[in-house]
Amino acid sequence: MEQHELDDLVDGLKVIDCDSHFTEPADTWSSRVTGRWAERMPVLRTVDGQSSWYLDGEVWASVGGNVIGRDHKRNLGILRLQPFDAIDPSSWSVPERLELLDKERIWAQVLYPNGVGFASNHIFAIDDLEQRRLVLETYNDFLVDVQTESNERLIPQALLPVWDMDLTVKEMTRMLDKGIRGFTLTDKPEMIDLPELPEPYFDPMWDLFNESGAVVNFHIGSGRSREEIESFRRPEQFQHVPYHRRQPHKWAHFEQYPQRGNVVVTSQTSFSNMRIIANLCLSNLFDRYPKLKVVSVESGIGWVPFLLEEMDYAFDDGVVDERERAYAKRRPVEYFHDHIYTMFFFERSAPERLLDIIGIDHVMVETDIPHPACVYPGAVEHFKRVLAKQPEDVIRKVLQDNAVNLYRLTNV
């Protein structure tokens with residue numbers, strides 16, 4: 001395809017960014033909760049130049065990964081800008097985010113949380129069950145407001161109160177009725193003392209996902225506990241915790257070289273979703289819920305062909321017992337191609353060479369704005385470069401149509 005033809009093609013598309021993060025603004029809870037519970041909600045405070053979310057007088061969460069500073073300037077070599085006032089409003093303001101998208105030639109973004117973690121584990125750590133429920137429901141109300149204010153160009157994925165399955169079904173129903181298209185889950189509920197995902201405990205949730213068409217999202221890092229997440233974000237406040245517990249992914253040696261240590265963690269985190277994908281594809285969950293659509297978020301695609309080949313090879317050698325063969329109806333690779341969606345951002349080689357192996361109907365793009373690893377500015381130009389050798393229909397699917405179909409977007 002000639003360059004001018006590629007430019008014309010992409011200019012005519014509405015590019016969907018399938019993973020970005022929306023920083024919780026200072027009034028997330030204070031503008032929505034009144035009465036006796038108002039003082040029990042998270043509040044943003046800046047102490048000694050460090051902004052954090054406080055709950056019941058104690059530090060509860062950071063403001064998350066933010067590297068885009070005032071005037072849309074990206075800052076390198078850091079995990080987070082401090083204080084909150086140093087963060088560009090496009091990280092937390094709907095009009096400012098839409099302005100940034102227009103500048104970057106991106107039509108819509110699928111949004112994930114920032115400071116409160118990527119599933120509900122921060123909220124799960126709240127002891128008071130009524131307070132926990134209200135914090136989560138208020139946060140989800142905030143997401144609905146973001147989607148509405150953006151004219152559905154910002155598509156948040158809501159949180160679920162998985163500690164209570166009746167409440168989970170109720171909250172899913174409430175959010176679906178308000179137009180939410182999907183939810184982000186922890187991939188390791190057993191780490192917070194819940195049953196594993198295929199167990200009967202979760203059946204009502206899977207039933208509703210299957211019936212509604214809502215998207216199941218597993219964002220990298222969603223299985224981490226609040227302590228593990230916050231010790232990475234703010235190691236200076238967790239010196240009392242043994243190093244192997246607060247920084248299990250890297251050597252203590254990297255305390256002297258923190259930027260290198262951060263790369264160690266980042267480069268491993270990208271592969272963390274291999275575990276949940278392998279578990280899903282070797283289970284019978286997709287036999288029981290044949291309409292499930294699962295997204296592996298921010299995990300890239302370059303490793304996918306290796307995992308598919310390894311599962312296929314190991315399956316033939318390792319699953320020979322007749323009972324185990326009968327446990328699920330299909331091979332793990334077949335489940336992957338029918339149910340799992342992936343996305344890429346910085347990668348070059350995989351988008352150029354491996355899309356047909358991964359499955360062109362299930363690959364999308366992302367920017368990860370405003371996180372440290374984000375492709376910004378110029379993400380669309382990057383996507384054009386790495387997809388330049390692909391045929392027109394593939395480019396159209398990866399940049400637009402796959403996401404439109406998955407998230408049931410009607411304004412494209």
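The values are calculated or read from the model by the stated rules, or taken from the named source; none is laboratory data. For clarity, every value in this text was computed on a predicted model and none was experimentally measured. Don't worry about glycine lacking a Cβ; one is built from the backbone with ideal geometry, like all the others, and counts go over all protein chains shown.
Odds and ends about this structure:
- Qualifying residue in segment 317-327 (condition: in contact (Cβ under 8 Å) with a residue 24 or more places away in the chain, surrounded by 15 or more Cβ atoms within 10 Å (Cβ to Cβ) and not charged (D, E, K, R)): no
- Residue identified as part of a strand (DSSP E or B) and not β-branched (Val, Ile, Thr) among 30, 52: 52
- Residue that is surrounded by the most Cβ atoms within 10 Å (Cβ to Cβ), among those in segment 143-169 that are part of a loop (DSSP other than H, G, I, E, B) and touching a strand residue (DSSP E or B) at 6+ places or on another chain (Cβ under 8 Å): 159
- Among residues that are more than 16 Å from residue 14 (Cβ to Cβ) and either surrounded by fewer than 17 Cβ atoms within 10 Å (Cβ to Cβ) or among the β-branched types (Val, Ile, Thr) (or both), residue 378 is included.
- Answer from 172, 191 - the residue that is touching a residue at least 12 places away in the same chain (Cβ under 8 Å) and either buried (at least 17 other Cβ atoms within 10 Å of the Cβ) or on the phi > 0 side of the Ramachandran plot (or both): 172
- Looking at 77, 35, just one residue is free of Cβ contacts under 8 Å to residues at least 40 places away in the same chain, more than 20 Å from the chain's Cα centre (by Cα) and surrounded by fewer than 21 Cβ atoms within 10 Å (Cβ to Cβ), and that residue is 35.
- Residues in segment 127-141 that are out of contact with any Phe, Trp or Tyr (no Cβ under 8 Å at 6 or more places or on another chain) and surrounded by 17 or more Cβ atoms within 10 Å (Cβ to Cβ) were compared, and the one that is farthest from residue 96 (Cα to Cα) is 133.
- Yes/no for residue 272 being at pLDDT 80 or above, buried (at least 20 other Cβ atoms within 10 Å of the Cβ), of a type in the set (Gly, Ala, Ser) and under 23 Å from residue 183 (Cα atoms): yes
- Scan of segment 1-27 for residues that are of a type in the set (Asp, Glu) and either touching a helix residue (DSSP H, G or I) at 6+ places or on another chain (Cβ under 7 Å) or outside any helix (DSSP H, G or I) (or both), ordered by number: 2, 17, 19, 24, 27
- Positions within segment 80-109 being under 25 Å from residue 11 (Cα atoms) and loosely packed, with under 15 Cβ neighbours inside 10 Å, in sequence order: 95, 96, 99, 102, 103
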